[in-house]
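Undergrad: Once you've had a glance at the structure underneath, I'll fire off some questions.
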Amino acid sequence: MADRITLQVTRYLPEESARPTSQDYEIPLRKDWSILDGLNHIKDHVDGTLSYRWSCRMGICGSCGMTVNGEPKLACATFLADYAPGPVRIEPLNNFPVVRDLVVEIGDFLEKLSAVKPWIIREDEEPVEGEYLQTPTELAEYKQFSMCINCMLCYSACPVYGLEPGFIGPAAIALAQRYNLDSRDRGSHERLDVLSTDEGIWDCTFVGECTRACPKHVDPAGAIQRYKPTAVAETLKAFLLPRGKR
Amino acid sequence: MSEQVEHVDFYARWYKPRISRLWWLRRRSYLVFVLRELSSVFVAWFVVFLLLLVRAVSQGDREYQRFLDLSANPWMLALNVITLFFVVFHTVTWFDAAPRAMVVRLRGRRVPARIVLLLHYAAWVLLTGITAWIILD
């Protein structure tokens with residue numbers, strides 16, 4: 001194994017240039033270094049002006065999403081050695097405006113996330129002794145979707161989000177399902193108004209790239225397809241049944 | 001803070017790359033997806049062709065013979081060969097997608113994706129068999 005590897009990092013410095021450029025950095029290639037370790041090496045020892053987001057270094061915080069050799073990846077969970085002898089192309093996430101270097105603007109995602117009300121909604125909060133109980137089967141219903149870390153790799157992989165920026169997107173819908181399928185939640189009808197729209201689930205054409213990109217195996221594409229029949233049934237029920245029976 | 005901070009869609013300093021018209025050539029999976037969407041056009045033609053056949057059969061021997069002559073036209077034959085490819089492609093790719101969209105539970109346990117897929121193919125073979133038996137009998 002060669003002992004050095006080149007990272008071709010996209011630089012965008014709006015005060016210097018209106019378009020991004022690429023800058024090569026040659027760094028040590030160590031077996032246990034992730035892409036993030038490589039970027040931190042550049043930041044600490046080579047070029048302190050390089051900007052990127054990171055926090056936990058262990059695939060939990062979802063901050064360090066970027067495009068590595070064309071694929072959306074978490075920089076902390078992607079290893080340099082897998083790309084030897086290089087070079088490795090590192091770009092910001094696709095489908096988001098770039099603020100600086102590898103830092104993208106995520107306000108749009110955060111707005112969409114809060115629009116689907118990703119929290120437990122109760123109509124009447126009953127005072128309970130201890131906690132609301134849940135069986136393992138009830139937990140299994142939504143557990144997979146609760147693994148989402150909001151890293152936005154799925155938005156970067158989704159061509160629909162790139163073409164139709166109004167699309168609520170994979171992670172927000174998967175997280176809506178995380179609460180819809182929770183036995184303690186009573187808010188699914190509130191989420192229906194946001195999800196069952198042209199810019200909600202019906203924009204999704206099941207490309208499936210979100211599921212392939214997801215580092216936590218959440219399967220957002222599956223969540224969206226599973227919600228489609230539910231949305232149709234709920235809409236029909238609202239149309240056919242008197243208010244009290246819904 | 002009394003002021004409400006609102007999200008702004010775009011600042012001049014942000015860089016927003018344009019998506020190329022040929023975005024679907026960038027990855028194999030995007031190309032397969034676009035071909036799957038395109039296959040719907042051929043599925044629609046397949047249905048029209050079938051309806052034309054049924055109409056020709058119902059209108060007697062002469063109409064049926066005319067329909068057979070039309071179908072033997074090299075252009076029509078070429079179109080139908082392409083249609084067959086896309087209809088099979090459409091079916092296979094949708095069958096592959098089905099287990100992810102369908103969650104079937106039996107006695108509280110989720111039926112494995114492989115079984116759901118297998119049942120789709122079994123239903124396909126069965127229906128093809130019944131159709132072939134009706135036509136060839």
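Every number in this text was worked out from the coordinates using simple rules, so none of it is lab data. Note that this is a predicted model, so its numbers are computed, not measured. Counting neighbours? That spans all protein chains shown, and the Cβs are built from the backbone with ideal geometry, glycine included.
Undergrad: Under 7 Å between Cβ atoms, which residue pairs at least 6 apart in sequence (or on different chains) link something in segment A:149-165 that is without any contact (Cβ under 8 Å) to a residue 12 or more places away in the chain with a partner that is outside any helix (DSSP H, G or I)?
TA: Final answer for the pair search is A:Leu163/B:Ile19.
Undergrad: State yes or no: is A:Asp44 more than 26 Å from the chain's Cα centre (by Cα) and either assigned to a helix (DSSP H, G or I) or crowded, with 18+ Cβ neighbours inside 10 Å (or both)?
TA: Spelling it out, A:Asp44 is indeed more than 26 Å from the chain's Cα centre (by Cα) and either assigned to a helix (DSSP H, G or I) or crowded, with 18+ Cβ neighbours inside 10 Å (or both).
Undergrad: Looking only at segment A:147-165, decide whether some residue is among the small types (Gly, Ala, Ser) and more than 25 Å from B:Leu31 (Cβ to Cβ).
TA: Scanning segment A:147-165 turns up no residue that is among the small types (Gly, Ala, Ser) and more than 25 Å from B:Leu31 (Cβ to Cβ).
Undergrad: Take the residues in segment A:15-31 that are in contact (Cβ under 8 Å) with a residue 12 or more places away in the chain and of a type in the set (Asp, Glu); name whichever of them is nearest to the other protein chains (Cβ to nearest Cβ).
TA: A:Asp24
Undergrad: Of the residues in segment A:133-145, how many are under 19 Å from A:Arg191 (Cβ atoms) and more than 12 Å from the chain's Cα centre (by Cα)?
TA: Total satisfying the criteria: 5.
Undergrad: Further, regarding this structure: Please give the helices (runs of 4 or more DSSP H) falling wholly within segment A:90-207 in which 2 or more residues are buried (at least 16 other Cβ atoms within 10 Å of the Cβ), within 13 Å of another protein chain (Cβ to nearest Cβ) and of a type in the set (D, E, K, R).
TA: The helices (runs of 4 or more DSSP H) meeting that bar are A:107-115.
Undergrad: Further question on the same structure: Going by the structure shown, is B:Thr83 touching a Lys or Arg at 6+ places or on another chain (Cβ under 6 Å), in a helix (DSSP H, G or I) and surrounded by 15 or more Cβ atoms within 10 Å (Cβ to Cβ)?
TA: Answer is no for this residue.
Undergrad: Output yes when any residue across segment B:23-40 is aliphatic (A, V, I, L, M), without any contact (Cβ under 8 Å) to a residue 12 or more places away in the chain, over 25 Å from A:Lys228 (Cβ atoms) and within 14 Å of another protein chain (Cβ to nearest Cβ), and no when none is.
TA: yes
Undergrad: One residue is enough: does segment A:33-41 have a residue meeting the conditions of a type in the set (Asp, Glu), on the phi < 0 side of the Ramachandran plot and surrounded by fewer than 15 Cβ atoms within 10 Å (Cβ to Cβ)?
TA: Checked against the condition, which is being of a type in the set (Asp, Glu), on the phi < 0 side of the Ramachandran plot and surrounded by fewer than 15 Cβ atoms within 10 Å (Cβ to Cβ), segment A:33-41 yields no hits at all.
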